[in-house]
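Shown next, in structure tokens, is the structure this report addresses.
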């Protein structure tokens, strides 16, 4: 029996992505739960189930909203990022601005982590409050094309249909598929393209 074609990375990624989204939701909800349960336990004998349950739910909701609001600041502070200096990293600012204009996104805050290894990530709850963090090695050593590709990748994470906890995947072909030139007839008809 001959083995079938290897699964596409686009097909394989769907399961782990759902798992990551589920874990992010559990973490977000779980951090607020212990204090809400404590409020419920303290108020239940004093005020009864209706008032105690309402108070516990209110405490839980306030904590979830607080965690959601402070998640970006927390993530940025945990890695030791500082605001990027436009005079020191002009290419970073120019490329980000041109990519944002092209894609119709608001320009995110740019931050830099002092590190010898090139790396980047984006974080935030909405495109208007997003932050893109790059390491100093990336900002100083990447060529223009490498930096543009990296920034485009990070900006793709903050597009409205994708933004949220965990990575983003879009089902189906990317915009502009099939390519207008250079594709074999089979590759032009199928998605994802076979290797």
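Data overview
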{"item": "Pairs, first within 20 Å of residue 157 (Cα to Cα) in the range 80-104, second surrounded by fewer than 12 Cβ atoms within 10 Å (Cβ to Cβ), C-beta under 6 Å, six or more apart", "result": "93/86"}
{"item": "Which listed residue, of 62, 133, is modelled with pLDDT under 90 and surrounded by 13 or more Cβ atoms within 10 Å (Cβ to Cβ)", "result": "62"}
{"item": "Qualifying residues in the range 141-152 (those that are touching a residue at least 12 places away in the same chain (Cβ under 8 Å) and part of a helix (DSSP H, G or I)) - the one surrounded by the fewest Cβ atoms within 10 Å (Cβ to Cβ)", "result": "144"}
{"item": "Considering residues of the range 36-51 that are touching a helix residue (DSSP H, G or I) at 6+ places or on another chain (Cβ under 6 Å) and within 17 Å of residue 67 (Cβ to Cβ) only, the residue surrounded by the fewest Cβ atoms within 10 Å (Cβ to Cβ)", "result": "39"}
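So that you can scan it fast, the table gives a plain yes or no per residue for (1) closer than 16 Å to residue 135 by Cβ; (2) at pLDDT 95 or above; (3) touching a strand residue (DSSP E or B) at 6+ places or on another chain (Cβ under 6 Å):
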| residue | (1), (2), (3) |
| --- | --- |
| 78 | yes, no, no |
| 81 | yes, no, yes |
| 98 | no, no, no |
| 103 | no, no, no |
| 115 | yes, no, yes |
| 119 | yes, no, yes |
| 122 | yes, no, yes |
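Conditions tested, residue by residue: (1) outside the structural domain of residue 151 (by TED's automatic domain parsing); (2) closer than 30 Å to residue 66 by Cβ; (3) in a strand (DSSP E or B).
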position	(1), (2), (3)
97	no, no, no
105	no, yes, no
112	no, yes, yes
125	no, yes, no
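The values are calculated or read from the model by the stated rules, or taken from the named source; none is laboratory data. In this text the structure is predicted, and so the values were computed from the model without any measurement. In this analysis, Cβ positions are derived from the backbone assuming ideal geometry, glycine residues included, and neighbour counts consider all displayed protein chains.
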